[in-house]
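See structure below.
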């Protein structure tokens, strides 16, 4: 299993559920170190606000859930939203 | 609990926090009283927070009065958005999203905000269908995690109740329930996105919420006993909205005490207060007793 696969799956799933245009969602999991990954999330420009949410609430929730996914693999995970 | 009084940077934020506190999603179902409009200080120094009182609105009431208040709230929101950047600087880890979010709000067409409160009476959302949406989202989440477990959803009165069970689902609770809270937030976001409606959602994972509710209720009742005995007020430690709701419910079930919340999330906390019985001759003493009890430092909870 490639490193960060669960993180990839979970982040991809959650983001796709939230956006209006799931087809435009791209998630790339980048290794940052031996036990650290970062999930880079791209969405349609018009969806960025949905993914971030009021006062960053949704983005924060996605980060927490991504870390829970990383815990399953003994990793640390960050999430970056890139537009 | 009759109403909550909320302080925040803006009227909009205060109302939002108050609604969350009451567990009411629908703007139409609360009455909002603006006690103080926010004022910006000079160069970010000084200034006043917005203070609003949010109260559940009994079903089916005229909209006439509310409208003007809504407009006031929106006007204040625009004013406060620019002041919001100060708040963001403090919460540095969300600074980036926060700013973007703000921009997003400014770009958002006005109608979108107005439609929500005015259409609810016409089309009642189908809670069963909404529960199904939540259930599907949670099942998909379990699958994405690769965890085995069962998802059960239902409707209790005005609340969608979702339960994730199974030994492995403990992983979705997280330290102090943080992951469960995040999933709750995401489920509500998905619900709003897919159905254009909000509803109260109670989410339990691996029995965590139920255990916590029981423990908190016992704790609250101990504090209530203490307040009834000693009088005055008791300030609790900061809690999440759902935890505060448990405390408010416990207080509401008892005679002689009331509760309200103060502070801003995530440092928002509940205050339990003894209701002093006003008798004719004891009236002046009453206010003295309240003042004494409201000292937060001497009455701080463990």
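The values are calculated or read from the model by the stated rules, or taken from the named source; none is laboratory data. Please read these numbers as outputs of a predicted model, since none were measured by experiment. Virtual Cβ from ideal backbone geometry, glycine too; neighbours counted across all protein chains shown.
Summary of computed values
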{"read-out": "Meets criteria (touching a strand residue (DSSP E or B) at 6+ places or on another chain (Cβ under 7 Å), over 20 Å from residue B:193 (Cα atoms) and either more than 7 Å from chain B (Cβ to nearest Cβ) or surrounded by 18 or more Cβ atoms within 10 Å (Cβ to Cβ) (or both)) for residue A:59", "value": "no"}
{"read-out": "Segment B:217-249, residues that are more than 17 Å from the chain's Cα centre (by Cα), surrounded by fewer than 20 Cβ atoms within 10 Å (Cβ to Cβ) and in a helix (DSSP H, G or I)", "value": "B:217, B:218, B:219, B:221, B:222, B:225, B:226, B:228, B:229, B:230"}
{"read-out": "Search result, residues across segment B:259-277 that are touching a helix residue (DSSP H, G or I) at 6+ places or on another chain (Cβ under 9 Å), under 16 Å from residue B:242 (Cα atoms) and part of a loop (DSSP other than H, G, I, E, B)", "value": "B:264, B:265, B:268"}
{"read-out": "Tally of residues being at pLDDT below 75 and not in a helix (DSSP H, G or I) across segment B:9-22", "value": "1"}
{"read-out": "Checklist (1) in contact (Cβ under 8 Å) with a residue 40 or more places away in the chain; (2) more than 9 Å from every other protein chain (Cβ to nearest Cβ); (3) more than 14 Å from the chain's Cα centre (by Cα) applied to residue A:43, failing item", "value": "(3)"}
{"read-out": "Residues that are over 26 Å from the mean Cα position of the chain (by Cα) and outside any strand (DSSP E or B), drawn from segment B:136-159", "value": "B:139, B:140, B:142, B:143, B:144, B:145, B:146, B:147, B:148, B:149"}
{"read-out": "Residues (away from chain A (no Cβ under 14 Å) and under 19 Å from residue A:10 (Cα atoms)) located in segment B:136-161", "value": "B:150, B:151"}
{"read-out": "Selected residue (only one of B:217, B:189 is under 19 Å from residue A:62 (Cα atoms) and free of Cβ contacts under 8 Å to residues at least 40 places away in the same chain)", "value": "B:189"}
{"read-out": "Pick from segment A:12-33, criterion within 10 Å of the chain's Cα centre (by Cα) and within 8 Å of chain B (Cβ to nearest Cβ), ranking: surrounded by the fewest Cβ atoms within 10 Å (Cβ to Cβ)", "value": "A:12"}
{"read-out": "Given (1) surrounded by fewer than 21 Cβ atoms within 10 Å (Cβ to Cβ); (2) over 30 Å from residue B:13 (Cα atoms); (3) more than 10 Å from every other protein chain (Cβ to nearest Cβ); (4) modelled with pLDDT of 95 or more, index of the condition residue A:71 fails", "value": "(3)"}
{"read-out": "Some residue of segment A:24-34 being in contact (Cβ under 8 Å) with a residue 60 or more places away in the chain and either assigned to a strand (DSSP E or B) or within 18 Å of residue B:183 (Cβ to Cβ) (or both)", "value": "no"}
{"read-out": "Verdict on residue B:264 being over 30 Å from residue A:16 (Cα atoms), surrounded by fewer than 20 Cβ atoms within 10 Å (Cβ to Cβ) and within 14 Å of chain A (Cβ to nearest Cβ)", "value": "yes"}
{"read-out": "Subset of segment A:1-11 (residues that are part of a helix (DSSP H, G or I) and crowded, with 21+ Cβ neighbours inside 10 Å)", "value": "A:6, A:7, A:10, A:11"}
{"read-out": "Options B:183, B:164; residue that is in a helix (DSSP H, G or I), closer than 23 Å to residue A:9 by Cβ and touching a strand residue (DSSP E or B) at 6+ places or on another chain (Cβ under 7 Å)", "value": "B:183"}
